[in-house]
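Derivation of every value follows stated rules applied to the coordinates shown; laboratory data play no part. The structure displayed is predicted, hence computed values, not measured ones. Because the Cβ atoms are built from the backbone with ideal geometry, glycine has one as well, and the counts that use them run over all protein chains shown.
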Amino acid sequence: MHREIHHWYSPSLNKHMEVGIWGHYGFALLMLPTAGADYLEYERFQMMDVLAGPINAGKVKVFSINSINSESWLNRNMHPRHKAIRHTQFNNYVYNEVIPFIRSKTSNNTMIITTGASLGALHSANLYFKRPDLIDGVIAMSGVYDLQTYTDGYYDEDVYFNSPVAYLPNLNDDYFLGHLRSKHHCHILAGSGAYESPEASRTLSGILSAKGIPHELDIWGPDMRHDWPTWRAMLPYYIDSRF
């Protein structure tokens, strides 16, 4: 399997950030790590192994980036307002640096799909819902789509605008709604096993339905717990069957 590692000094985040690439061709799959993990997390947990078929066949080209969650909502020594600022800087890093980088490694008309599990699901969905003019869809696995889950009670404008269940019901901008309503790769997945929150996915699905945003809600069984075996089953299945 073809593999590359790239890095640059991010002006959005004021630090070096790495990006891993797996594959040569296909639509671009942008992976967001869980919790405080890094850009190699998916590789360490054998996700690239189970995606080897579609990667080697040129169906998908995978891009995986670092999180900065340990510098924002997971940093208990940081003031909540500064956490919110850091979260916004991360969004800007993805939109202004990572997306153009993906374009430089694919093409201007290559489809870009975000994906992530757990906290990565929130980030991947949020990035898509906020900028569907840049991103074409999402495969969100085992997410909770309210950022307040991670803010210890803190709430401000940035928390609101990074919580899909908060801002989507009030989204009335024809430009962004038009993009969201014209796309067909919004996949919201959850298990029903230990530590999963399928009700969070159902809540998000209800909001998307009310706004006329096409999506697929898929709740897997009670044997699917909040862990890597679940996500290693979900993601290859969706790559194979939906793309």
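Tabulated data for the structure shown
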| item | result |
| --- | --- |
| Cα-projected label distance for E4 with F243, points at 7 Å along beta-carbon direction, nm | 1.7 nm |
| Backbone HN-Hα couplings from phi across segment 129-145 [Karplus 6.51/-1.76/1.60, Hz, Gly and Pro as x] | 5, 6, 9, x, 7, 10, 10, 9, x, 8, 10, 9, 10, 6, x, 10, 9 |
| Kirkwood Rh in Å, taken over segment 1-138 so that all alpha-carbon pairs contribute | 15.1 Å |
| Neighbourhood charge, 14 Å Cβ-Cβ cut-off, centred on G153 and excluding it, Lys, Arg +1 and Asp, Glu -1 | 0 |
| Length-normalised contact order for the chain - Cα pairs under 8 Å, 6+ apart - percent | 16 percent |
| Net charge of Cβ neighbours under 12 Å - reference I112; Lys, Arg +1; Asp, Glu -1 | +3 |
| Amide H contacts under 5 Å for E18, placed H, 5+ residues apart | N66 |
